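J.: Once you've had a glance at the structure underneath, I'll fire off some questions.
The values are calculated or read from the model by the stated rules, or taken from the named source; none is laboratory data. Quantities reported herein were computed from a predicted structural model and do not represent experimental measurements. For neighbour counting, all protein chains shown are included, and Cβ atoms are generated from backbone atoms with ideal geometry for every residue, glycine included.
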Amino acid sequence: MVDTELRQLIEQGYVAPTLRCSHDPWAGPMPDAQGGIQTIMMEMLAYSRPGVIEVLPALPPSLVRGSINGMLARTFARIDKLAWDMDARTVDLTVPSVRKQEVTLIARYGIETIAAPAGILAAPLQAGKANIDVHLPENKPVTFHLKLGRHKPIDWVSQVSAP
């Protein structure tokens, strides 16, 4: 859905080549829409809230591989690097935290394996899970290497919304 909506906005002239937005196709930029497209793109790659970092929650099928650097997370951390390759089903993630904290790392595709420095994983990865709790030290970048499962991100909705 994200892919379709972004393509529609771009192809119909609402977004300039510089990602500036407008209310009317092919018109000048409107300040209230500035930053909207960039935010959508960042949040489809990494969503965060206090205590949670979720990688690739709404990745369009057309973005088979790519990377982004320098995103701020809403959990007192920064995503220095997020690189993915959906053909290989891998994600590399580097996160320095402003403070020592516990964070739940989520990948809706499922996490088959995860590699992280010693002492970072709060517990061993449980098979079939899409999340794992991690310890982030203060001001020290931590690099994670994930091998993703084959779930569709929407599959987890029924598990979360079940009574």
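J.: Being free of Cβ contacts under 8 Å to residues at least 12 places away in the same chain, surrounded by 15 or more Cβ atoms within 10 Å (Cβ to Cβ) and in a strand (DSSP E or B), is that true of even one residue in region 41-48?
T.: So far as region 41-48 goes, yes, one or more of its residues are free of Cβ contacts under 8 Å to residues at least 12 places away in the same chain, surrounded by 15 or more Cβ atoms within 10 Å (Cβ to Cβ) and in a strand (DSSP E or B).
J.: Among the residues of region 64-87, is there at least one that is among the small types (Gly, Ala, Ser) and closer than 15 Å to PRO153 by Cβ?
T.: Within region 64-87 (the criterion being among the small types (Gly, Ala, Ser) and closer than 15 Å to PRO153 by Cβ), the answer is no, since none of the residues qualifies.
J.: Is it the case, given these coordinates, that MET42 is among the hydrophobic types (A, V, I, L, M, F, W, C), within 22 Å of ASN131 (Cα to Cα) and modelled with pLDDT under 95?
T.: yes
J.: Given ALA107, ALA83, which one is in contact with a strand residue (DSSP E or B) (Cβ under 8 Å, 6 or more places away or on another chain), in contact (Cβ under 8 Å) with a residue 24 or more places away in the chain and of a type in the set (A, V, I, L, M, F, W, C)?
T.: Checking each option against the conditions leaves just ALA107.
J.: Select from region 127-138 the residues that are at pLDDT 95 or above and not hydrophobic (A, V, I, L, M, F, W, C) and write down the one among them that is nearest to ILE114 (Cα to Cα).
T.: ASP133
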